Structures are given as structure tokens and as C-alpha cells.
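The values are calculated or read from the model by the stated rules, or taken from the named source; none is laboratory data. Just so we're clear, the structure is a prediction, and the values are computed from it rather than from any experiment. Cβ atoms come from the backbone with ideal geometry, glycine included; neighbour counts cover every protein chain shown. To get the accessible areas, we keep the full protein, side chains included, count just its heavy atoms, and leave off ligands, DNA and RNA. Shrake-Rupley method; radii C 1.70, N 1.55, O 1.52, S 1.80 Å.
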Amino acid sequence: MIRIIVSVKPNASRDEIQVDAEGNISIKIKEAPIDGAANMYLLKFLSKEFGIPKSHITLEKGTNSRIKKIMLPLDQLTFDKLLSKYKK
């Protein structure tokens, strides 16, 4: 299991994951932050991008914030390989 911290930007024109030079993860999603819809959409988006069942992804902290702590059922090496395609 790996725990990541991401910055989420809802109401974006498209869904996108970006990783800067320091390794900070930003995720843009199309869904609006109304009644938890953006959080559910985020988990669905991560599930699709990383090939993980949505039920195995946990939003640990940040339900009402743009900064979120998420638990993924991956080891560090696998996660780094997946994330490398999003680096600028």
C-alpha cells in the first residue's frame, strides 16, 4: 500500500494528472465539487488511470479540501513506473 498526497483542481476542461520536477502530483478533473461528486469522480478517474478497482482506493483525508491524502494498493516501484508517464 502506498499513501500519496495530491492537489485536485475540479471544474477543469479535461481530466489530467501532472507531476512536477519535485514529484508533486496535481490532478485536474471535470467534475464540480458539489455534494462529494468531485471526490467520487476522482476515485473513479484514478481507478481507470492506474488499473485499480475503485473499491481498493481510499480517500483518507481531504474530503472538503483540494489537498487530499489517498491510499493506493500499490508498491512504491509500481507506482513510480505508473507515474513516470505523467511527468513534465
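Brief remarks follow.
- Residue selected from the stretch 24-33 under the condition outside any loop (DSSP other than H, G, I, E, B) and β-branched (V, I, T), by the criterion surrounded by the most Cβ atoms within 10 Å (Cβ to Cβ): I27
- In the stretch 38-49, the residues that are of a type outside the set (K, R) and modelled with pLDDT of 95 or more: A38, N39, M40, Y41, L42, L43, F45, L46, S47
- Within the stretch 4-23, the residues that satisfy the criterion of being farther than 19 Å from N64 by Cβ, at pLDDT 95 or above and open to solvent by 70 Å² or more (accessible area, probe 1.4 Å) are S13, R14.
- Residue tally, condition in a helix (DSSP H, G or I), surrounded by 12 or more Cβ atoms within 10 Å (Cβ to Cβ) and free of Cβ contacts under 8 Å to residues at least 24 places away in the same chain, over the stretch 44-83: 6
- All positions within the stretch 31-49 that are in contact with a strand residue (DSSP E or B) (Cβ under 9 Å, 6 or more places away or on another chain) and closer than 13 Å to D15 by Cβ: A38, L42, L43, F45, L46, E49
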